Each structure stands twice: as structure tokens, then as C-alpha cells.
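Asks: Attaching a single structure in C-alpha cells format; questions to follow.
The values are calculated or read from the model by the stated rules, or taken from the named source; none is laboratory data. Source: prediction; values computed, not measured. Cβ atoms come from the backbone with ideal geometry, glycine included; neighbour counts cover every protein chain shown. Each accessible area value is taken on the protein alone, full model and side chains, heavy atoms only, with ligands, DNA and RNA left out. Shrake-Rupley method; radii C 1.70, N 1.55, O 1.52, S 1.80 Å.
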Amino acid sequence: MSDSSGDAAFSPAEREAIRERLAAERAETSTRVAALSREFDAIVASNALVAVDDEHDPEGSSTAFERAHTAALLAQARDHLTALDEALERLDRDDYGRCDVCGEPIPAERLEARPTATTCVRCATAHPR
């Protein structure tokens, strides 16, 4: 990340690398959303065909748990997809890499670990979600 004057500006090459990384992660996440959607639909469909007693399932985990677990993973993946889209929009607006709270640049290490980060570590610590 270029940081010549305390600015979160990126060189054209850095911007392209960021865009490629976000796009690749978005493609992976879209694939995960599709797979989880199919899994969730299959769980719902199989429950519709069989009278299941979740309370006394000899197989261990209940289908209700499996359905809830898959639904939670699906929601999480969809949220991440939204965060990736928002990160790409911030990149297009030249706001990517700048903290939403204090306006300071987000350290490159944080963006490497969390490319959808919208806050610097200090603000994320001070204002947890």
C-alpha cells in the first residue's frame, strides 16, 4: 500500500491486485452460497418426505440442528458476500483502506488479514460490534 503522506491511496497496480483478490474471494463465496443453498434445500426436502422425530433421533444430531447449522452458515456466507461487494464499491470510490470511524488509513496487515475491514484496529477494539 502506498502511504506517502499518511494517505490510504493505492497505486494502480495495488488497486488492481486488491480488486483481483476481492473478486476471487467473491467468486469463492458465491460458490459457497450456492452449495449451502443446495444443502439447505436438500435438508428441507428430505424432512418433508419423512416423519422425523428430532427429539429421539438415534443417529445423533437432529435434522433441526443440521438445518439451523446450514442456515447459519448460509447467512454468514451471504453477509460476507455483501461485505465483499461493499469493499469493491469502496475501492471504486477511493474509500477502500480508510477507517469508517476515525478516517485514518487501515494498516496493510489488517487489510491482508481482513480485506473487507472497514475500521482500523484501534477503532475496532474501541467500538466492537
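Asks: Could you give the length gained on full extension between Val121 and Arg93, defined as 0.36 nm per residue of separation minus the Cα-Cα distance, in nm? Provide the component values of the computation, followed by the final result.
Replies: Details: separation 28, 0.36 × 28 = 10.08 nm, distance 2.21 nm.
Gain in length upon complete extension: 7.9 nm.
Asks: Compute the convex hull volume of the Cα atoms of the range 66-117, divide it by the residue count, and report the result per residue in Å³ as a whole number. Intermediate values should be presented prior to the final figure.
Replies: Values: hull volume 4.0 nm³, N = 52.
Dividing the Cα hull volume of the range 66-117 by its residue count gives 78 Å³.
Asks: When only the heavy atoms of the protein chains count and the probe is 1.4 Å, how do Phe40, Phe65, Phe10 rank by accessible area, highest first? Walk me through the intermediate numbers first.
Replies: Details: Phe40 55, Phe65 120, Phe10 35 Å².
Order by accessible area, largest first: Phe65, Phe40, Phe10.
Asks: For Arg98, list long-range residues whose amide hydrogen, built 1.01 Å from N in the peptide plane, is under 5 Å from its own amide hydrogen.
Replies: Ile106
Asks: Given 10 Å bins starting at zero, what is the percent of C-alpha pairs of the range 6-46 in each, up to the one with the largest pair distance?
Replies: Answer for the range 6-46: a P(r) of 26, 27, 20, 15, 10, 2 percent.
Asks: I want the local charge near Arg21. Using Cβ-Cβ distances under 13 Å, sum +1 for each Lys or Arg and -1 for each Asp or Glu among the other residues. Display every interim value, and only then the final one.
Replies: Details: positive: Arg15, Arg19, Arg26, Arg114; negative: Glu14, Glu16, Glu20, Glu25, Glu28, Glu112.
Around Arg21, the charge tally is -2.
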